[in-house]
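These notes are about the structure you will find just below.
The values are calculated or read from the model by the stated rules, or taken from the named source; none is laboratory data. Computed from a prediction, not measured in an experiment: that's the story for all the values here. When we count neighbours, we look across all protein chains shown, and the Cβ atoms used for this are built from the backbone with ideal geometry, even at glycine. Remember, those area values only see protein heavy atoms, side chains included, never the ligands or the DNA or RNA. Shrake-Rupley method; radii C 1.70, N 1.55, O 1.52, S 1.80 Å.
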Amino acid sequence: MRKARQESKGVMLNPVTAKFTSQLQRLLPAAAFPELGDKYLTEPRGHYQGSAGLLVAPDSTAQVAQVIAAAAAARIGVVPYGGGTGLVGGQVLPASKTYAPAPLILSLGRMRQIRACYPEENVLVAEAGAVLAEVQQSAADVDRLFPLSLASEGSAQIGGLLATNAGGVNVLRYGMARDQVLGIEAVMADGRIFNGLQRLRKDNTGYDLRHLLIGSEGTLGIITAASLKLAPRPQSEGTALLTVDSPSAALDLLGRAKGILGESISAFELISGQGLRFLAETHPQMRQPWSSPPDWSILLHLGVSNGAGAEQAIETLFEQASDMIRDGVIAQSAQQAQDLWSLRETIPLANRAIGAICSSDISLPLSEIASFIAKMPVALARYGDIRINCFGHLGDGNLHYNLFPAAGAAASDYRAMRADLQAEVHRLTHELGGSVSAEHGVGRLKVADIARFGDPVKLQLMRQIKDTLDPQGIMNPGAVLPLRDA
């Protein structure tokens, strides 16, 4: 009885077999079967080594539907793969008894068409495999802006970005990925196609399935295309790097800046002195504005559509917030602005070169951020000498709180305490009303954290939705929610 009950919930999945492979090869052209390279079995942080029985790369929604229908009939797990930039292990399924055996990897990389663009509607329709930078360029070609922006935009794909509800640097003004979507096309767990690719801004016809699929990380269905919102391009843009005394002062400056600059603020990034010191150590060729990095600084970006230029607006902020700003530089050209942004965007690379013990993607109520940053080192002190690089999207409350070994030590020296350190960060985050997953998603890395800190009713409802839409449990098994027997 126990085994039968598990099978009804989709736990007892089957591996890819030669028979199943032959079946797909009869359905799809040869180009749909690229070589299964290492990139499909690894993820950027090296937490998981994936397994696979077959890699399939359809070039149309109809082909995706054929693949999923065949996988459902054979009860084979399907792991969707976009640009491979995810940081929580959602794109790989480890070779382990805990997970489904030898799954099918479904790459959306061949579905990268811009199907249509309606500049008069501020709408662009893109397939899931379109790279973010390509979508941004397509919008620019019609004098529009697609504002989703992040460091991996040269490789991250639209389908994966929506499946994880990505954030990035412009959330303060434009919102998360889900806020930039009007419609979704997706293949459900039985192979049916959900034709929700509408361009409407008003549609009160019941449940909004678009938002159910966005952020579901491929556990409910495969996003194959999306109708994306575009925005007018700012007439003038400005960037400045400002130094402040503390995170509390940075938050005060954010409040003052909103009052002075209004909705023109698109990014308000917190940078710690430790992050700049890591940059100096690992990327000495990058020029920094100060010989001695300040403890805290803010990278500010404005996009002004009318009235005064962005540079003048920043100068006004300097004047009216001089009691909060200790020093600063205003970019005088597009190249200088890019140089300032390069500092911020290279911090994750510097972190990787130093070697983190653990990294946390958290969000907090704005009023609790300064308290968190002050309390966290005290809570970590009993674990010994640990360096902290705290940075992130201060404007929307998203911090990247990363812990590093003492100078001269290695992250491996702290392996035994890694889980405890991560738990301390997440415990205080939860205690202050925050979230242990802000913009990277849950994947497989944070399944236990969600179970520990999540609202039990929410988790129960999520499980019921999963069991209803994917009764066999074939869709990205083990991501977001634990397997039934885990």
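A compact table of results
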quantity: Segment 445-470 residues that are under 21 Å from Val88 (Cα atoms), paired with ones that are at pLDDT 95 or above and open to solvent by 30 Å² or more (accessible area, probe 1.4 Å) (beta carbon under 8 Å, 6 or more apart); calculated: Ile450/Leu459; Ala451/Leu459; Phe453/His430
quantity: In segment 313-342, residue nearest to Pro234 (Cα to Cα) [restricted to those that are of a type outside the set (A, V, I, L, M, F, W, C) and in contact with a Phe, Trp or Tyr (Cβ under 8 Å, 6 or more places away or on another chain)]; calculated: Gly328
quantity: Filtered residues of segment 400-436 (kept if closer than 16 Å to Val88 by Cβ and in contact with a Ser or Thr (Cβ under 8 Å, 6 or more places away or on another chain)); calculated: His400, Tyr401, Asn402, Gln422, Val425, His426, Thr429, Ser435, Val436
quantity: Criterion (at positive phi, touching a residue at least 40 places away in the same chain (Cβ under 8 Å) and surrounded by fewer than 18 Cβ atoms within 10 Å (Cβ to Cβ)) met by exactly one of Gly355, Gly408; calculated: Gly355
quantity: Among the residues listed as Leu380, Leu349, Leu343, the single one being in a helix (DSSP H, G or I), in contact with a helix residue (DSSP H, G or I) (Cβ under 7 Å, 6 or more places away or on another chain) and farther than 28 Å from Phe318 by Cβ; calculated: Leu380
quantity: Unmet requirement for Gly408, which otherwise passes all of (1) modelled with pLDDT of 95 or more; (2) outside any helix (DSSP H, G or I); (3) more than 30 Å from Leu261 (Cβ to Cβ); calculated: (1)
quantity: Where Val442 falls short, out of the listed (1) assigned to a loop (DSSP other than H, G, I, E, B); (2) closer than 21 Å to Leu270 by Cβ; calculated: (2)
quantity: Residue list for segment 10-35, restricted to those being loosely packed, with under 15 Cβ neighbours inside 10 Å and in a loop (DSSP other than H, G, I, E, B); calculated: Thr17, Pro29, Pro34, Glu35
quantity: Among residues of segment 56-82, those that are outside any helix (DSSP H, G or I) and either open to solvent by less than 30 Å² (accessible area, probe 1.4 Å) or of a type in the set (Phe, Trp, Tyr) (or both), counted; calculated: 10
quantity: First in segment 147-166 and in contact (Cβ under 8 Å) with a residue 40 or more places away in the chain, second anywhere and open to solvent by 30 Å² or more (accessible area, probe 1.4 Å) and not in a loop (DSSP other than H, G, I, E, B), Cβ under 7 Å, 6 or more apart; calculated: Pro147/Tyr174; Ala151/Glu345; Ala151/Pro348; Asn165/Arg178
quantity: Qualifying residue in segment 129-138 (condition: at pLDDT 95 or above and either touching a Cys at 6+ places or on another chain (Cβ under 7 Å) or within 22 Å of Leu261 (Cβ to Cβ) (or both)); calculated: yes
quantity: Members of segment 439-486 found to be open to solvent by less than 30 Å² (accessible area, probe 1.4 Å), modelled with pLDDT of 95 or more and in contact with a strand residue (DSSP E or B) (Cβ under 7 Å, 6 or more places away or on another chain), listed by number; calculated: Ile474, Met475, Asn476
quantity: Verdict on Ala423 being under 30 Å from Glu281 (Cβ atoms) and loosely packed, with under 14 Cβ neighbours inside 10 Å; calculated: no
quantity: Cβ-Cβ under 9 Å pairs, at least 6 apart or on other chains, segment 268-280 side more than 21 Å from Asp396 (Cα to Cα) and touching a residue at least 24 places away in the same chain (Cβ under 8 Å), far side open to solvent by less than 10 Å² (accessible area, probe 1.4 Å) and assigned to a strand (DSSP E or B); calculated: Gln274/Asn389; Gln274/Cys390; Gln274/Phe391; Gln274/Phe404; Leu276/Ser297; Phe278/Asn389; Phe278/Phe404
quantity: Number of positions in segment 309-348 that are more than 30 Å from Pro284 (Cα to Cα) and in contact (Cβ under 8 Å) with a residue 40 or more places away in the chain; calculated: 7
quantity: Strands (runs of 3 or more DSSP E) wholly inside segment 85-204 containing at least 1 residues that are over 30 Å from Asp449 (Cα atoms), in contact with a Phe, Trp or Tyr (Cβ under 9 Å, 6 or more places away or on another chain) and open to solvent by less than 30 Å² (accessible area, probe 1.4 Å); calculated: 123-127, 181-188
quantity: Single unsatisfied condition, Thr429 versus (1) under 23 Å from the mean Cα position of the chain (by Cα); (2) at pLDDT below 95; (3) among the hydroxyl-bearing types (Ser, Thr, Tyr); calculated: (2)
